[in-house]
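The values are calculated or read from the model by the stated rules, or taken from the named source; none is laboratory data. As the structure is a prediction and not an experimental result, all values here were calculated from the model. Here the Cβ positions follow ideal geometry from the backbone for every residue, glycine too, while neighbour counts run over all protein chains shown. Heads up: the accessible areas ignore ligands, DNA and RNA and are worked out on the full protein's heavy atoms, side chains in. Shrake-Rupley method; radii C 1.70, N 1.55, O 1.52, S 1.80 Å.
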Amino acid sequence: MAVFVALGAFLMTLAGGWTAQRVTDRRHLVLGLAGGLMLGVVGLDLLPEALRAAGREVFGVPAALLLFVAGFLLAHLVERTLALRQAAHGGAEHGHRAPEVGLTAAGAMVGHSAMDGVAIGAAFQVGGGMGTAVALAVIAHDFADGFNTFTLASLYGNARRRAVAMLVADACAPVLGALSTVFVTVPEAVLGGYLGVFGGVLLYLAAAEILPEAHHEHPARSTLLFTVAGAAFIWLVVGISG
């Protein structure tokens, strides 16, 4: 089931890359909805499950929450590192961009997508409801991942062939990540810790990347409504599956 669901992430990633070449004025609504789904799955399903599975406390704080903060900071560190690397290569000066910077950033997206697949597989090991909720959020934001992977690779002067290759790699990554969990059963405590880290990463992507991008060039009340609808939909999924 996890691998089958990951195929949805595969298709959604390709759809995001395809849309990157034919972007329309409705992109902000898609990103707004994706941000709402990500926020909902972190706060309403992923964190409560991580707290239950991880169990123990470290110096008075649940281990899952410490790992949640660590995941958020890790995502921030990676994003800042890529930004500094871009600046070091002169990517922000006079429009001169090094193709290697685009490939590095796109490669980071591929690695992130592989971990998305692991998250889907790990969540299905907890239960079908948890797996469905995580899969919905991952599939929703994989559209943005595909969009950004192609855009990052092509923005820095890479040939279209390279940008498409990175897009295909990004699409395949969640399938391979989910497949790995078929052969390995993750212990519940480890799983809870991982879900905590993933929750932090997912929240960072929603709060620092997806939602700001959704409102950046086209601020509109409709975007906010789509974000609220995404979070409400996850609440509905959690309520039905619970």
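Odds and ends about this structure:
- Ligands, DNA and RNA left out, the 1.4 Å accessible surface of segment 129-212 is 72% carbon and sulfur atoms.
- Efficiency of FRET between residue 160 and residue 185 - r from beta-carbon atoms, R0 35 angstrom, step 0.05: 0.25
- Where N is the number of residues in segment 125-242, Cα Rg divided by 2.2 N^0.38 Å: 1.24
- Carbon and sulfur %, accessible surface of segment 1-82 computed with the full protein complex present, 1.4 Å: 73
- Average accessible surface area per residue within segment 102-183, 1.4 Å rolling probe, Å²: 33
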